[in-house]
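Structure, as structure tokens:
The values are calculated or read from the model by the stated rules, or taken from the named source; none is laboratory data. Quick caveat, the model's predicted, so the values are computed rather than measured. Cβ: placed from backbone, ideal geometry, glycine included. Neighbour counts: every protein chain shown. When the accessible area is computed, the model is the full protein with side chains, heavy atoms only, and any ligands, DNA or RNA have been set aside. Shrake-Rupley method; radii C 1.70, N 1.55, O 1.52, S 1.80 Å.
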Amino acid sequence: MATIKDIAELAGVSIATVSRVLNYDSTLSVGDETKKRIFEVAEQLSYKKKPARKLETGKIALLQWYTEKEELEDLYYMSIRLGVENQSRQMGFSVSKYFQDNYEDLKQGEIQGLIAIGKFSDKQIQDMISITNNIVFVDTTPDEEQFDSIVIDFEKATKKVIDHYLEHGHENIGYIGGREVFKDKTSTIEDPREVTFKSYLAEKGLLNEALMYVGQFSVADGHSLMKKAIREQGENLPTAFFAANDSLAVGALRALLEEGISVPGRVNIIGVNDISISKYVFPSLSTVKVYTELMGETAVNTLAERIEGRKTAKKITISTELIIRDSSS
């Protein structure tokens, strides 16, 4: 495993700065460019290089549904993007990168295909079709009869966490989650982790919706939601929490430690994604590993098949793995 020293050397900053950035230290004054460089180095060091088949050089576009600023708060999408970029280079593709804040520029370019990372409204999808019919969606499946998609089974991932808690005697289980809306504000997006958490615990007769706290998928909201849970629940604070992503879990961990609540002695916490910083926070974060780099690589391979003439759409589900570290027993 790469060390904080390795990251510091490649990013050109001090070890202390890397440690504080990876732990989302809110008292640290450092620019977004420095944070981005540190996060990207951490992600790159976690990759295992694989040989890839070369194609004739072509141009593809990568559309990230986040802005660059938002991407720093949710490294899940950054990691997928880096997987796409790495595999594209190995296969001989030239990649034009677009975020939500320069989305309109995408319509001006000439491309062979498009990889869309995130969640997009019907109107946005129609815009994409007007640019190219070779589209692969990553992290969502708008229409599996028409489009290729690379996704995760978040329902199964959520059940893995709950089953682990139940096997270790936890029945009072809380939830720290987030909700999203399409960037054009047309509608909210149902989160399968929240839906599954409710239905699976209800099925077992253990659901207490008063223990569910939902905001945005960010470190800051993980921190504030856990603070709220601590205030409201007092001595009845759950012995275990499922955080819907690692960013929320990192914020929640910080809140628990600030309040002097032992992790995992008093409260266990498990996140989702296994982003690179999960190993470096204190205590190291238990999480459901999502193979984000493989999602990105698979998206490029799938798009190459489309460009080469495949017409039938396919949906690829990437497996997950529960990783137990120091934040849970």
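Extension gain for the segment ILE261 to GLU171, taken as residue separation times 0.36 nm less the Cα-Cα distance, is 30.5 nm to one decimal.
Full extension from VAL30 to GLU209: what is 0.36 nm times the residue separation minus their Cα-Cα distance, to one decimal in nm? Please report the intermediate quantities before stating the final value.
Working: separation 179, 0.36 × 179 = 64.44 nm, distance 3.84 nm.
Length difference between fully extended and current span is 60.6 nm.
Amide H of SER328 versus every other amide H placed in the peptide plane: which residues, excluding those fewer than 5 positions away on the same chain, fall under 5 Å? For SER328, whose amide H was placed from the backbone, the distant partners under 5 Å are ILE269, SER286. Residues ARG89, ARG81, ARG20, sorted by accessible area with the largest first, give ARG89, ARG20, ARG81 [1.4 Å probe; ligands and nucleic acids excluded].
Normalising by the residue count of region 164-255, find the relative contact order in percent from Cα pairs under 8 Å and 6+ residues apart.
Numbers: 135 pairs, mean separation 35.8, N = 92.
Dividing the mean separation by the residue count of region 164-255 yields 39 percent.
Geometric descriptor of region 121-220, per residue, is 133 Å³ (volume of the convex hull of the Cα atoms). For region 62-215, lysine pairs separated by 8 or more sequence positions, or belonging to different chains, with Cα-Cα distances below 21 Å total 23. Exposure check, 1.4 Å probe, all protein chains in place: ILE189 carries approximately 30 Å² of accessible surface.
Which percent of the accessible heavy-atom area of the chain goes to carbon and sulfur, probe 1.4 angstrom? If you can, show how the numbers build up before the last one.
Values: 6660 of 14180 Å².
Ligands and nucleic acids excluded, carbon and sulfur give 47 percent.
Computed FRET efficiency, Cβ-Cβ of ALA202 and SER96, R0 51 Å: what is it to the nearest 0.05? Each step should come with its number before you reach the end.
Numbers: r = 46 Å, r/R0 = 0.90.
With R0 = 51 Å, the Cβ-Cβ based efficiency is 0.65.
If you fit an axis through the alpha-carbon atoms of helix 32-45 and take the longest principal axis of the Cα set of the chain, what angle between them do you get, 0 to 90°, nearest 10? Roughly 80 degrees, rounded to the nearest 10. Estimated at 0.36 nm per residue, the fully extended path between LYS159 and ALA16 surpasses their Cα-Cα distance by 47.8 nm.
Average accessible surface for the chain: 43 Å² per residue, computed with a 1.4 Å probe over protein heavy atoms with every protein chain in place.
Of the GluC sites (Glu not before Pro) in region 217-280, which ones lie in a loop per DSSP and count no more than 16 other C-beta atoms within 10 Å?
Passing both the DSSP loop test and the Cβ count: GLU259.
Of the whole protein surface, LYS156 contributes about 120 Å² of accessible area at a 1.4 Å probe radius.
For region 68-185, the gyration tensor built on C-alpha atoms gives a prolate shape. Its axis ratio a/c (a ≥ b ≥ c) is at least 1.5, and a/b is the larger of a/b and b/c.
I'm spelling it out carefully: the read-out is P(r) over Cα pairs in 10 Å bins from 0, in percent, the candidates are [x] 5, 23, 28, 19, 9, 5, 4, 3, 2, 1, 1, 0; [y] 5, 22, 27, 24, 16, 6, 1, 0; [z] 6, 26, 33, 24, 10, 2, 0, and one was derived from this structure. Which label? The value computed from this structure is option [z].
Taking amide H atoms as placed 1.01 Å from N in the peptide plane, the amide H of GLY113 lies under 5 Å from those of ALA61, each 5 or more residues away in sequence or on another chain.
If you take the beta carbon distance between LYS5 and GLU180 as r and set R0 to 45 Å, what does 1/(1 + (r/R0)^6) give as a FRET efficiency, to the nearest 0.05? Please list the in-between numbers first.
Values: r = 36 Å, r/R0 = 0.80.
Working from the Cβ atoms, E equals 0.80.
Each residue of region 309-326 was assigned a 3J(HN,Hα) from its phi angle through the Karplus expression (A = 6.51, B = -1.76, C = 1.60, θ = phi - 60°), giving x, 5, 10, 7, 6, 9, 10, 10, 9, 8, 6, 10, 9, 6, 10, 9, 10, 7 Hz with x at Gly and Pro.
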